[in-house]
1. Assuming a ≥ b ≥ c are the square roots of the Cα gyration tensor eigenvalues, decide whether region 266-410 counts as rounded (a/c under 1.5), prolate (otherwise, with a/b larger than b/c) or oblate.
2. Please list, by residue number, every one of the GluC sites (Glu not before Pro) in region 412-469 that is coil in DSSP and has at most 16 other beta-carbon atoms within 10 Å.
3. What are the ³J(HN,Hα) couplings of region 37-53, residue after residue, when phi is run through the Karplus curve with 6.51, -1.76, 1.60 and θ = phi - 60°? Round to Hz, x for glycine and proline.
4. Let me check something: with ligands and nucleic acids excluded, how do LYS263, LYS323, LYS447, LYS423 order by accessible area (1.4 Å probe), largest to smallest?
5. Between ALA408 and residues 5 or more places away or on another chain, which pairs have amide H atoms under 5 Å apart, with H built 1.01 Å from N, and which residues are they?
6. Got a number for the accessible area of ASP465? Probe 1.4 Å, square angstrom, nearest 10.
7. How large is ³J(HN,Hα) for each residue in region 419-434, as worked out from phi by the Karplus curve 6.51 cos²θ - 1.76 cosθ + 1.60 (θ = phi - 60°), to whole Hz, x for Gly and Pro?
8. Over 19 Å between Cα atoms, which of LYS175/LYS305; LYS175/LYS412; LYS423/LYS447; LYS27/LYS340 qualify?
Amino acid sequence: MAGAAGIARSRFVVVGGGIAGVTCAEKLAVDFPSEDIFLVTASPVIKAVTNFRQVSKTLEEFDVEEQPSSLLEQRYPNIKVIHSAVKQLKSDEHKIITEDGREYTYEKLCLCAGAKPKLIFEGNPYVLGIRDTDSAQAFQKNLARAERIIVVGNGGIALELVYEIEGCEVIWAIKDKAIGNTFFDAGAAEFLIPKLTAEKQETPIECKRTKYTMEGSEKKEGTTAASDKLGSALGPDWHEGLQLKGTKEFSHKIHIEILCEVKKIYSQQEFIQLQQTSLAFPKEGKNVEPDEVQWPVYVELTNGKIYGCNFIVSATGVVPNVKPFLDSNNFAIGEDGGLKVDEHMHTSLPDIYAAGDICTAAWEPSPVWHQMRLWTQARQMGWYAAKCMAADALGESIDLDFSFELFAHVTKFFNYKVVVLGKFNAQGLGVDHELMLRCTKGQEYVKVVMQNGRMMGAVLIGETDLEETFENLILNQMDLSAYGEDLLNPDIDIEDYFD
């Protein structure tokens, strides 16, 4: 294994101890039992997939567990874990150099170094970055002493966090109109909001099924996103028939500031010199009052309001962790900052692959798949990258994996099961699509995205039992025009039609 002068050689080297890297190394270890697979990771623990369950053709559920890397080496005796960060990649020499000065040469290398939280302000001790549920749990401990925090961001992590927090005032700053825009539209957000305040079981209210066309004026709003990337916006009448509370009635001590971002952060000292007024926690039906309390840190929002707090949680997404590998390597980089990979997870450099959050899928995707930096995709990409590395090493050809046919993700928010399929927010579909909705307050929310009579995406919240049927309808692109609104009629068992 070891060569001259401390150079170790391996046919396959994987960098990164997260889901993508560990999955990739495991698959290679099984496929090449007589080869040593090097897994290079800066962290003493690795992230392992446990309790894996294939729910349907494309949906999978699993838990993610942090484990000592020795457990991985016990399970796969040919995986050698190297505890060190990568200092440099010399792609022309097929070699990586780790921070501790050792060199490793490879035949095939897979970069799975993940992504870092995109912090709103780097290097501020009062700003905590959160990028996954692990850091969310660690964060709970910090919370014990906090009386008020400001949460910035509107993805799944922010959503979970705000739901979990109790006994602490939360000011939640989001740049969109509605919560949870990564996964939901305004309708799903309104369905979930009562859960933030729920003390009692509410009786389900039947809600009529409705159909929406897109509202024209919404197209102009997306200043940041390119227009074709915009998700669907519901028309102005979407909440008719949903007797849901507005966002302004929180008992759970949450106040949402919409359509704003953080403009500036002040220390207590700077704030005192500023001679501005900060605001108390808004109370229902009262005018906003100035705050009597002195806080360790103050946040000025782009809407002009200033709030003091104990600390700020930055849950504003991630940036691919490419920096250690760029020096004197001419990688093609995607718009989102990831290493571009083709349909065989190959980067633009020979014998170097990438998987998970670090990469940007640069192949022509299926019309109902898109990349999202989620654990499910990290697992699929890591597994598939190993298959591609193996095929290349053995000179075999390989087809794009089935998991990239349809975007499918299952998760839990606010204790509801949430399934998102295909272009669930009408991503990239333009204006010529329509939405159908069925909602029973407190119980379920079903939304489908239709285009030319075909189902392109769906959001299922609650125990709807529709995921397999909808998965099939999206995959086979059957023309459903004839069913009209009956598609979502709860009294008609649509599975009977499509078996």
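1. Verdict is prolate for region 266-410.
2. For GluC sites (Glu not before Pro) across region 412-469 that sit outside H, G, I, E and B with at most 16 neighbouring Cβ atoms in 10 Å, the list reads GLU463.
3. 9, 8, 10, 9, 9, 7, 9, x, 10, 10, 9, 10, 7, 10, 6, 5, 9
4. Putting LYS263, LYS323, LYS447, LYS423 in descending order of accessible area: LYS323, LYS263, LYS423, LYS447.
5. Placed amide hydrogens put GLY422 under 5 Å from ALA408.
6. About 110 Å², ignoring ligands and nucleic acids.
7. So the J values, rounded to whole Hz, are 10, 10, 10, x, 7, 5, 10, 6, 4, x, 8, x, 8, 8, 9, 9.
8. Over 19 Å Cα-Cα: LYS175/LYS412; LYS27/LYS340.
The values are calculated or read from the model by the stated rules, or taken from the named source; none is laboratory data. These numbers were taken from a predicted model, which means no experiment stands behind them. Note that we place each Cβ from the backbone using ideal geometry, even for glycine, and neighbour counts take in every protein chain shown. Only protein heavy atoms, including side chains, enter the accessible area calculation; ligands, DNA and RNA are left aside. Shrake-Rupley method; radii C 1.70, N 1.55, O 1.52, S 1.80 Å.
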